[in-house]
Amino acid sequence: MRARTKAYALQIIALYSSLSKQQEAQILGRQMLRSGTSVGANYREGSRGRSDAEVAAKFNICIQELDETAYWIELLIDAQLAPSAACAPLLDETQQLTAMLTSAVLKLRRRIAGN
């Protein structure tokens, strides 16, 4: 998962780099860049959490950042600032990472509740 979130960040960087220099594309792109690259950083921090609650909290931040990233990518597509075909695999990866992290958080919550 650590390598996967880093690869995700690199894909986000590549998409940002491919955007036109048009002001709207750059503004939306920077938002996507910020939220998309923070996923890996928060995952790394969370995986070193001192408690299950701390890990769950960081993973929840990852989920929020993924949702925000999806929003910016969708806006880029809908505003015709980025090609849908180039963004589709990234949106798919966003959904997959969200599902995996959501599953991890649910397991952590069950473990916390059991203690």
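If you scan region 41-62, which residues turn out to be farther than 14 Å from residue 110 by Cα and among the β-branched types (Val, Ile, Thr)?
The one that is farther than 14 Å from residue 110 by Cα and among the β-branched types (Val, Ile, Thr): 61.
Would you please name the residue that is nearest to the chain's Cα centre (by Cα), looking only at residues in region 17-56 that are among the hydroxyl-bearing types (Ser, Thr, Tyr) and more than 17 Å from residue 67 (Cα to Cα)? Steps first, please.
Taking region 17-56 as the starting set, the residues that turn out to be among the hydroxyl-bearing types (Ser, Thr, Tyr) are 17-18, 20, 35, 37-38, 43, 47, 51.
If we keep only those that are more than 17 Å from residue 67 (Cα to Cα) too, we end up with 17-18, 20, 47, 51.
Values: 17: 17, 18: 19, 20: 22, 47: 16, 51: 23 Å.
Only one residue tops the list, namely 47.
Taking the condition of being of a type in the set (Ser, Thr, Tyr), touching a Leu at 6+ places or on another chain (Cβ under 8 Å) and under 14 Å from residue 32 (Cα atoms), how many residues in region 64-115 meet it?
Of the residues in region 64-115, the ones of a type in the set (Ser, Thr, Tyr) are 69, 71, 84, 94, 98, 102-103.
From what's left, touching a Leu at 6+ places or on another chain (Cβ under 8 Å): 94, 98.
Applying the additional criterion that residues be under 14 Å from residue 32 (Cα atoms) yields 94.
So the count comes out to 1.
Any residue in region 1-27 that is touching a residue at least 12 places away in the same chain (Cβ under 8 Å) sitting within a Cβ distance under 8 Å of a residue that is of a type in the set (Phe, Trp, Tyr)? List the pairs, counting only those 6 or more apart or interchain.
So the pair list comes out as 1/43; 2/43; 5/43.
In region 30-68, how many are under 19 Å from residue 11 (Cβ atoms) and among the aliphatic types (A, V, I, L, M)?
Looking only at that region, the number is 6.
Residues 8, 43: which one is assigned to a helix (DSSP H, G or I), closer than 18 Å to residue 89 by Cβ and in contact with a helix residue (DSSP H, G or I) (Cβ under 8 Å, 6 or more places away or on another chain)?
Details: 43 fails: closer than 18 Å to residue 89 by Cβ.
Testing whether each residue is assigned to a helix (DSSP H, G or I), closer than 18 Å to residue 89 by Cβ and in contact with a helix residue (DSSP H, G or I) (Cβ under 8 Å, 6 or more places away or on another chain) leaves just 8.
Among (1) closer than 24 Å to residue 113 by Cβ; (2) under 14 Å from the mean Cα position of the chain (by Cα); (3) crowded, with 16+ Cβ neighbours inside 10 Å, where does residue 99 come up short?
Unmet for residue 99, out of (1) closer than 24 Å to residue 113 by Cβ; (2) under 14 Å from the mean Cα position of the chain (by Cα); (3) crowded, with 16+ Cβ neighbours inside 10 Å: (3).
Select from region 26-51 the residues that are surrounded by 15 or more Cβ atoms within 10 Å (Cβ to Cβ) and of a type in the set (A, V, I, L, M) and write down the one among them that is farthest from residue 101 (Cα to Cα).
28
Among the residues of region 63-115, which ones are part of a helix (DSSP H, G or I) and among the small types (Gly, Ala, Ser)?
Restricting attention to region 63-115, the residues satisfying the condition of being part of a helix (DSSP H, G or I) are 63-78, 84-114.
Once the filter is applied, which keeps residues that are part of a helix (DSSP H, G or I) and among the small types (Gly, Ala, Ser), region 63-115 yields 70, 84, 85, 86, 88, 99, 103, 104, 113, 114.
Mind listing just one residue for me: the one in region 37-95 that is among the aromatic types (Phe, Trp, Tyr) and touching a residue at least 12 places away in the same chain (Cβ under 8 Å) and, of those, nearest to residue 4 (Cα to Cα)?
Keep residues of region 37-95 that are among the aromatic types (Phe, Trp, Tyr), which gives 43, 59, 71-72.
Still in the list and also touching a residue at least 12 places away in the same chain (Cβ under 8 Å): 43, 59, 72.
Working: 43: 10, 59: 14, 72: 20 Å.
Checking each candidate, the answer is 43.
Since every read-out is calculated from the coordinates, none of them should be taken as a lab result. From a predicted model like this one, the values you see are computed outputs, not experimental measurements. Cβ atoms come from the backbone with ideal geometry, glycine included; neighbour counts cover every protein chain shown.
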